[in-house]
Amino acid sequence: MSYGSARLPRWVLLPAAAGFALVVVPLLALAWQVEWGRFGALVTTEASREALWLSLRTAAVSTLLCVLLGVPMAAVLARARWRGLPVLRALVLLPLVLPPVVGGIALLYTFGRHGLLGEHLEVLGVRIAFSTTAVVLAQTFVALPFLVLTLEGALRTAGHRYEQIAATLGAGPSTVWWRITLPLLRPALISGAVLAFARALGEFGATLTFAGSLQGRTRTLPLEIYLQREADPDAAVALSVLLVIVAILIVLLAYRRTSPIPGTQLGRVRSGGKLR
């Protein structure tokens, strides 16, 4: 037993084993049900390939949106001292606890034909609901809190020390942001982006409610699995395993060169980073 695990009380291992089993056993049961002799044929149908490609493409775009919006949001939540900040943080993190279908309805009443913004966009000839754009917005809505929460924690762990030192050396706010803050956030940013991508890849409820299920346009892989569940259960199981495999590969690839714990590589930045 390693030094780290030897320091743990032995009774901790029992609930930990139960927790691991709760996650791993259902995945093994899913894999057990796959007809591996037909696996290739089941996951390479035209509908399956279109759904997988659409899922990967929209998840990548939504992850990019999460990064562009989530990094500034996390900085505001971690660094600002506004009175209403706790309420704002609660609203930002709300999609974590809301049923996805509620998020889809909220988006529909915002960007739908008769929605708060949708009716004005309709006049301009812009239709968002039940389109590929709607898929991206739904995925971004549910995935954004994962990235914001990760980055906010990393910013709070890093503290203000390096930014204050840079400021005393004459660096402006923008220089501090690009040369100090973002390099410190790199490990957490990768971790948060991976979580956001994985969440977007598996999004179902908000997508179905806001974007519908149009083959080639809005039918992502989770929607294809849902439809195949009644028409062809074997295909649904095979596609489910395919989605699990893709998600595992993405997480392993991204976490291979970065720590999953935000802030654990700050020493590396401190020893090798230079302020120019």
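Points worth noting:
- All positions within the stretch 102-131 that are surrounded by 18 or more Cβ atoms within 10 Å (Cβ to Cβ) and either in a helix (DSSP H, G or I) or not polar (S, T, N, Q) (or both): Gly103, Gly104, Ala106, Leu107, Leu108, Phe111, Gly112, Gly115, Gly118, Ile128, Ala129, Phe130
- Here Leu201 meets each of (1) touching a residue at least 40 places away in the same chain (Cβ under 8 Å); (2) open to solvent by 20 Å² or more (accessible area, probe 1.4 Å) with one exception, condition (2).
- Hey, Ala51 more than 30 Å from Glu163 (Cβ to Cβ) and touching a helix residue (DSSP H, G or I) at 6+ places or on another chain (Cβ under 6 Å) or not: yes
- Residue check for Ala134: part of a helix (DSSP H, G or I), within 17 Å of Val76 (Cα to Cα), small (Gly, Ala, Ser) and open to solvent by less than 20 Å² (accessible area, probe 1.4 Å): no
- Qualifying residue in the stretch 143-150 (condition: small (Gly, Ala, Ser), open to solvent by less than 10 Å² (accessible area, probe 1.4 Å), over 14 Å from Ala78 (Cα atoms) and in contact with a Cys (Cβ under 7 Å, 6 or more places away or on another chain)): yes
- Some residue of the stretch 219-239 being in contact (Cβ under 8 Å) with a residue 24 or more places away in the chain, open to solvent by 30 Å² or more (accessible area, probe 1.4 Å) and more than 28 Å from Trp32 (Cβ to Cβ): no
- Of all residues in the stretch 172-188, those satisfying the criterion of being touching a Leu at 6+ places or on another chain (Cβ under 9 Å) and open to solvent by 20 Å² or more (accessible area, probe 1.4 Å) are Thr175, Arg179, Ile180, Leu182, Leu184.
- The single condition from (1) in contact (Cβ under 8 Å) with a residue 40 or more places away in the chain; (2) open to solvent by less than 40 Å² (accessible area, probe 1.4 Å) that Ser213 fails is (1).
- Yes/no for Ala106 being free of Cβ contacts under 8 Å to residues at least 40 places away in the same chain and in contact with a helix residue (DSSP H, G or I) (Cβ under 9 Å, 6 or more places away or on another chain): yes
- Summed over the stretch 137-164, the residues that are over 20 Å from Val97 (Cα atoms), in a helix (DSSP H, G or I) and without any contact (Cβ under 8 Å) to a residue 60 or more places away in the chain give a count of 3.
- Any hit, the stretch 151-160, residues being open to solvent by 20 Å² or more (accessible area, probe 1.4 Å) and within 18 Å of the chain's Cα centre (by Cα): yes
The values are calculated or read from the model by the stated rules, or taken from the named source; none is laboratory data. Quick caveat: nothing in here was measured; it's all calculated off a predicted structure. So basically every Cβ, Gly included, is an ideal-geometry build from the backbone, and we count neighbours across all protein chains shown. The area values use the complete protein model at the heavy-atom level, side chains included, leaving out ligands, DNA and RNA. Shrake-Rupley method; radii C 1.70, N 1.55, O 1.52, S 1.80 Å.
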